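A.B. asks: I'd like to ask you about the structure that follows.
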Amino acid sequence: MVYMSLAGWKLKVYREFFERGFETMRRILLIGAGTMGMEHAAHYYSMEDVHVVGIVDVRTEQAQKIIGQHDTKIFSSVEEAVEQLEKIDVVDICVPTFLHKEYVLKAADNGIDIICEKPLAYTLQDAREMIDFCKEKQVRLFVGHVVRFFPQYAQARELVINGTIGDIGIVRTKRGGNFPAGWSDWYADQSKSGGVILDLIIHDFDFLRWIFGDVERVYAKGLAERKLEHLDYALVTVTFKSGVIAHVEGTWAHQTFSSQFEFAGKSGIIEYDSLKEEPVLLSVRQSNERKDGVAVPQSPLKKSPYYSELEHFLHCLKTNETPLVTAEDAYKAMEISAAALQSLQTGVPVVLNGEGGEPV
Ligand SMILES: NC(=O)c1ccc[n+]([C@@H]2O[C@H](COP(=O)([O-])OP(=O)(O)OC[C@H]3O[C@@H](n4cnc5c(N)ncnc54)[C@H](O)[C@@H]3O)[C@@H](O)[C@H]2O)c1
């Protein structure tokens, strides 16, 4: 029989607890220390069991700003980070869109799971290659379509899906504000950002697809072709296979960021405006034409939707669950953007082919 002293037993328990604790620790390598890199880093730093082990950015001084007192190392390349860091569980990609592919392929090649900001890629072909390569390398790929994590948007979806306002006829969404400032003014280069259609209202395309499913036809009008410096705007009409029509408006030609939506159904209206203090507003149509508004209260956000999104992706990694938004969803949202960009160029509507299909 083997006896162990109380001190020895305690030491063993502490050591096991300590080691288990470290097993659950998620080590993140962040790529890109700009606006979104800062946002993601702040949430990771506030999470238990998450360690931002490194940041890769071409601007070391920008990465330094994020780190503060944290023991995060700065690297100039993924290769350097992989070589020097003991372990990386997740590569989180927050570089400009046209660079996503390069980093997704590198992370997947090293067998590391990936969180990538939206839009997944600049072109549909790149996006498909990225998804296929991640599958081949058996790494998970999560895409930051954060609107699904905004309670107001999720609540509107629930109301619509539950039939609260009956069959939907028409939807309007709007999103935007100032022209965004990015590293090296990359947002102003249509061939890097894709303008409001690929960069901004892809959020609404994803949101609407989440509710209404496959899209049949897309028609777009916008400013992109006029090449006005630091002004972009688009109005896209999306017709779903179900017959629902959505007017999706995106702007980088105004002031103060805001987002709005309005669903008009057979028996009521659901509306939301981020500039107003009211939460999602549900108005049930009255047979006697009275127009009372019934507020559907939404408690003030305790958690940022970005925190919820990243926490959800890390949870899915731990449990192997399917995320609320998949890489295929990200691809399908891109298809709608691609169709809208094509329509903008040709001046005619673009019909999507097959199931959620590609522009033809
Ligand atoms: N989910 C959202 O709500 C949301 C909001 C804004 C932006 N985005 C997306 O996030 C991504 C990043 O946008 P942003 O506004 O943070 O951009 P940004 O310009 O603010 O930051 C980009 C960072 O990448 C760095 N960088 C440039 N080239 C690099 C390279 N080759 N290797 C490593 N680092 C490099 C730059 O130095 C900069 O720090 C884009 O895809 C954008 O569409 C998403």
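A.B. asks: Are there any pairs with C-beta distances below 9 angstrom linking a residue in region 162-191 that is without any contact (Cβ under 8 Å) to a residue 24 or more places away in the chain and away from the ligand (no atom under 16 Å from the Cβ) to a residue that is polar (S, T, N, Q) and open to solvent by less than 50 Å² (accessible area, probe 1.4 Å), with the two at least 6 apart or on different chains, and if so which?
C.D. replies: GLY163/SER267
A.B. asks: So, one more: Identify, from the list SER299, SER308, the residue that is surrounded by 17 or more Cβ atoms within 10 Å (Cβ to Cβ), out of contact with any strand residue (DSSP E or B) (no Cβ under 7 Å at 6 or more places or on another chain) and either assigned by TED's automatic domain parsing to the domain that holds LYS174 or modelled with pLDDT of 95 or more (or both).
C.D. replies: So the residue among SER299, SER308 that is surrounded by 17 or more Cβ atoms within 10 Å (Cβ to Cβ), out of contact with any strand residue (DSSP E or B) (no Cβ under 7 Å at 6 or more places or on another chain) and either assigned by TED's automatic domain parsing to the domain that holds LYS174 or modelled with pLDDT of 95 or more (or both) is SER308.
A.B. asks: If you don't mind, there's one more thing I want to ask. Look at region 144-161 and say how many of its residues are under 16 Å from the mean Cα position of the chain (by Cα) and away from the ligand (no atom under 15 Å from the Cβ).
C.D. replies: Residues in region 144-161 being under 16 Å from the mean Cα position of the chain (by Cα) and away from the ligand (no atom under 15 Å from the Cβ): 2 in total.
A.B. asks: Can you tell me which residues in region 223-252 are open to solvent by less than 40 Å² (accessible area, probe 1.4 Å) and either touching a Cys at 6+ places or on another chain (Cβ under 8 Å) or in a strand (DSSP E or B) (or both)?
C.D. replies: Hits for region 223-252 are ALA234, VAL236, THR237, VAL238, THR239, PHE240, ALA246, VAL248, GLY250, THR251.
A.B. asks: Under 7 Å between Cβ atoms, which residue pairs at least 6 apart in sequence (or on different chains) link something in region 35-49 that is outside the structural domain of PHE179 (by TED's automatic domain parsing) and within 14 Å of HIS70 (Cβ to Cβ) with a partner that is open to solvent by 60 Å² or more (accessible area, probe 1.4 Å) and not aliphatic (A, V, I, L, M)?
C.D. replies: TYR45/HIS70; MET47/GLU311
A.B. asks: Further, regarding this structure: Quick one: how many residues across region 78-103 are closer than 24 Å to ALA181 by Cα and either in contact with a helix residue (DSSP H, G or I) (Cβ under 8 Å, 6 or more places away or on another chain) or among the hydroxyl-bearing types (Ser, Thr, Tyr) (or both)?
C.D. replies: Total meeting the criteria: 10.
A.B. asks: Can you name the residue in region 66-83 that is exposed (fewer than 14 other Cβ atoms within 10 Å of the Cβ) and within 15 Å of the ligand (Cβ to nearest atom) and, of all such residues, is farthest from LYS318 (Cα to Cα)?
C.D. replies: Across region 66-83, the extreme among qualifying residues is SER76.
A.B. asks: Would you mind telling me which numbered condition in (1) surrounded by 14 or more Cβ atoms within 10 Å (Cβ to Cβ); (2) modelled with pLDDT of 95 or more; (3) more than 25 Å from the chain's Cα centre (by Cα); (4) of a type in the set (Val, Ile, Thr) VAL284 fails?
C.D. replies: With respect to (1) surrounded by 14 or more Cβ atoms within 10 Å (Cβ to Cβ); (2) modelled with pLDDT of 95 or more; (3) more than 25 Å from the chain's Cα centre (by Cα); (4) of a type in the set (Val, Ile, Thr), VAL284 is out only on (2).
A.B. asks: Now for a different question. Check LEU223, LEU228, LEU200 and return the single one that is in contact with a Lys or Arg (Cβ under 9 Å, 6 or more places away or on another chain) and either more than 12 Å from the ligand (Cβ to nearest atom) or closer than 24 Å to ILE270 by Cα (or both).
C.D. replies: Within the list LEU223, LEU228, LEU200, the selection yields LEU200.
A.B. asks: Consider region 94-131. How many of its residues are among the aliphatic types (A, V, I, L, M), buried (at least 20 other Cβ atoms within 10 Å of the Cβ) and within 8 Å of the ligand (Cβ to nearest atom)?
C.D. replies: Qualifying residue count, region 94-131: 1.
The values are calculated or read from the model by the stated rules, or taken from the named source; none is laboratory data. On a predicted model such as this, the values are computed, not experimentally measured, just so you know. Note: ideal-geometry Cβ built from the backbone for every residue, glycine included; neighbour counts use all protein chains shown. For the accessible areas, the whole protein counts, side chains as well, though only heavy atoms, and no ligand, DNA or RNA atoms are used. Shrake-Rupley method; radii C 1.70, N 1.55, O 1.52, S 1.80 Å.
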